[in-house]
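In what follows, a single structure is set out as C-alpha cells and then discussed.
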Amino acid sequence: MCSGTPDQLGFFDKGSYKEYLAGWGKSVVVGRARLGGIPMGVINVETRLVDKVVPADPADVNSREAILPQAGQVLFPDSSYKTAQAIRDFNKEGMPCMIFANWRGFSGGSRDMAGEIL
C-alpha cells in the first residue's frame, strides 16, 4: 500500500518508502517516506498473520526456540514498544508522522503479560 506495486502507485511518492525496525514487533510496519516531497514517518498495521520467534534460553540446555503466531491487526506488547520507539524517533527528527490505524484489538492476555512484562 505504501510503496505500491509495479502495476499501481502507492500512497507515497514513488520509490520513497523505506521500512526500518523490521526485525521485531512484526504486527506493526514502520518506515519513512515522502509525500509531495515532504519527508514523514509512517506507521502501518500488518493485516496478515505473522510469526514471532522466541529464541532459546542459552542458560537452559532444555530450552528450544519457539515460533508463536500473532494475529494481524492486533497490537502486541512488542509491536506497542516498536510503535512508541518509532514515534520518538520521528519526533526527534522533527518529522510528521502518519499512522494507518486499523487495529481490531490490543493483546493483554496472561500469556503476553507473563512473556513480555514479568
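So which of 46, 93 is open to solvent by less than 30 Å² (accessible area, probe 1.4 Å), within 23 Å of residue 16 (Cα to Cα) and not aliphatic (A, V, I, L, M)? Don't jump to the end; show me each part of the working.
Working: 93 fails: open to solvent by less than 30 Å² (accessible area, probe 1.4 Å).
Result: 46 is the single residue among 46, 93 that is open to solvent by less than 30 Å² (accessible area, probe 1.4 Å), within 23 Å of residue 16 (Cα to Cα) and not aliphatic (A, V, I, L, M).
Of the residues that sit in segment 9-40 and are of a type in the set (A, V, I, L, M, F, W, C), assigned to a strand (DSSP E or B) and farther than 14 Å from residue 86 by Cβ, which one is modelled with the lowest pLDDT? Outline the logic, then answer.
Narrowing segment 9-40 to residues of a type in the set (A, V, I, L, M, F, W, C): 9, 11-12, 21-22, 24, 28-30, 33, 35, 38, 40.
Keeping just the survivors that are assigned to a strand (DSSP E or B) gives 28-30, 33, 35, 38, 40.
Cutting the leftovers down to farther than 14 Å from residue 86 by Cβ gives us 35, 38.
Working: 35: 91, 38: 94.
Here the answer is 35.
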Q | For residue 38: the one exception among (1) among the β-branched types (Val, Ile, Thr); (2) surrounded by fewer than 16 Cβ atoms within 10 Å (Cβ to Cβ); (3) within 22 Å of residue 78 (Cβ to Cβ) | A | (3)
**Q.** Hits in segment 68-94 (condition: at pLDDT 85 or above and outside any helix (DSSP H, G or I))
**A.** 93, 94
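The values are calculated or read from the model by the stated rules, or taken from the named source; none is laboratory data. Computed from a predicted structure; not experimentally measured. Neighbour counts run over all protein chains shown; Cβ positions are idealised from the backbone, glycine included. Only protein heavy atoms, including side chains, enter the accessible area calculation; ligands, DNA and RNA are left aside. Shrake-Rupley method; radii C 1.70, N 1.55, O 1.52, S 1.80 Å.
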